[in-house]
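Take a look at the structure below.
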Amino acid sequence: MKIRSDIEVGKRILEALGSRSQRELADAIALQPSVLSRALAGERAFNMSEIADISDYLGVRVEGLLFDEQPAFAMRGGADDEVARETVARCSGLIDAMLQIEAVGR
C-alpha cells in the first residue's frame, strides 16, 4: 500500500470535487479558501480532521484520498484468517483513535 503525496492527495480531492467550487468546499469544511488552495496544491498538508471532513463532504472514503491501493483495514469482515482479522481490527482501532484525537483538537 502506497500513501499518496500531499500533491497527489490534492489532485484526488480536486478530481472528486468535480464541478463544485473550491470555495464551496472551503465553506463546507470551515477552512479559509487560501489555506485550502495551498493544501490542494501540495504546499500544505491536510490534517486527519480535514481529510475526514473532506471525505464526508465529497462522499468518498478517507483511504481513497490517502492511498493508491485499497488498504487492509478497508476489508473489515473480509479477512480470511485470525491473524489478518486481528490486524484489520487493530488498524481500524488506531484510525478511529487518530480521528478522535483530531476531533478533540478542533
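For (1) surrounded by 12 or more Cβ atoms within 10 Å (Cβ to Cβ); (2) of a type in the set (D, E, K, R); (3) part of a helix (DSSP H, G or I), each residue gets a yes or a no:
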site	(1), (2), (3)
E8	yes, yes, yes
L14	yes, no, yes
R23	no, yes, yes
A30	no, no, no
L36	yes, no, yes
S49	yes, no, yes
D56	yes, yes, yes
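Within segment 43-72, residues that are on the phi > 0 side of the Ramachandran plot reach partners that are modelled with pLDDT of 90 or more and not polar (S, T, N, Q) with beta carbons closer than 9 Å, at six or more positions or on different chains, in the pairs G59/A16.
Look at segment 17-42: where a residue is under 21 Å from R61 (Cα atoms) and touching a residue at least 24 places away in the same chain (Cβ under 8 Å) and a partner is surrounded by 14 or more Cβ atoms within 10 Å (Cβ to Cβ) and of a type in the set (S, T, Y), sitting 6+ places away or on another chain with Cβ atoms under 6 Å, you get A28/Y57.
Among the residues of segment 63-70, are any modelled with pLDDT under 65, within 20 Å of D6 (Cα to Cα) and not in a helix (DSSP H, G or I)?
yes
Of all the listed residues (G42, G78), the sole one being at pLDDT 90 or above and either surrounded by fewer than 16 Cβ atoms within 10 Å (Cβ to Cβ) or not acidic (D, E) (or both) is G42.
The values are calculated or read from the model by the stated rules, or taken from the named source; none is laboratory data. Model, not experiment: these values are computed from the prediction. Cβ atoms come from the backbone with ideal geometry, glycine included; neighbour counts cover every protein chain shown.
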